[in-house]
Amino acid sequence: MRNQKDAEDVTQEVFIKIYTSLPQYKNQGFKTWITRIAVNHAIDLKRKRERQKEELQDEHSSEVNLGLTDDVEAVFFRNERRKQVLRKLNDLPEGYRDVVYGYYIKEKTFKQIAEEQQIQVKSVEVKLYRARNWMRKHWKEEDFS
């Protein structure tokens, strides 16, 4: 992870994933199963960071070239998409909304969110887990196209 704090956060998230996935475990190589969960989580995190870098580069390049019609159009559609995502966030149940917004949009740590909401870090983790499940169940990819 190249950063101790990130490694600690990832380790904690992986343990939560393992714990919540225990009902799906089928007694076929516990060590391999745990390793697969950890590797998949690391891959997901790396992809997320690459997307964030791409978004920052896109924003920077479009801001530099604002005089071009294509760039103005791209900025417009990106802003519309961002507004659409924020509107969808408002559809989340109230208890999950602040946690999802803080973690994914503001990129705060579990600890920061817990301190702001005056709850335990574990409660933040549980709310985020439940929010992800709610989003998987209620949102479809075409809602964002």
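The values are calculated or read from the model by the stated rules, or taken from the named source; none is laboratory data. What you are looking at is a predicted structure, and each value in this text was computed from that prediction instead of being measured. Heads up, the Cβs are rebuilt from the backbone with ideal geometry, glycines too, and the neighbour counts pull from every protein chain shown. The accessibility values were calculated without ligands, DNA or RNA, using every heavy atom of the protein model including side chains. Shrake-Rupley method; radii C 1.70, N 1.55, O 1.52, S 1.80 Å.
Points worth noting:
- Given K31/K106; K48/K137; K5/K26; K5/K140, the pairs whose alpha carbons are separated by over 30 Å: K31/K106; K5/K26; K5/K140
- The chain: angle of helix 121-138 to the longest principal axis, Cα-based, in degrees nearest 10: 60
- Accessible surface, the chain, averaged per residue in Å² (probe 1.4 Å): 76
- Relative to the longest principal axis of the Cα atoms of the chain, the long axis of helix 69-91 makes an angle of roughly 40 degrees.
- 0 to 90° range, to nearest 10: angle between helix 30-64 axis and the chain longest Cα axis: 10
- Cut-off 13 Å between beta-carbons: net charge of the residues surrounding V126, Lys and Arg +1, Asp and Glu -1: +3
- Protein accessible area in the chain, 1.4 Å probe - carbon and sulfur %: 51
- Measuring gaps between exposed loop sites in the chain (chymotrypsin sites (Phe, Trp or Tyr not before Pro); DSSP loop; at most 16 other Cβ atoms within 10 Å), the longest gap, sites not included, is 26-138.
- Mean projection area, nm², convex hull over Cα of the chain: 10.9
- As a calculated quantity, the FRET efficiency between N133 and Q28 at R0 = 30 Å, using C-beta atoms, amounts to about 0.75.
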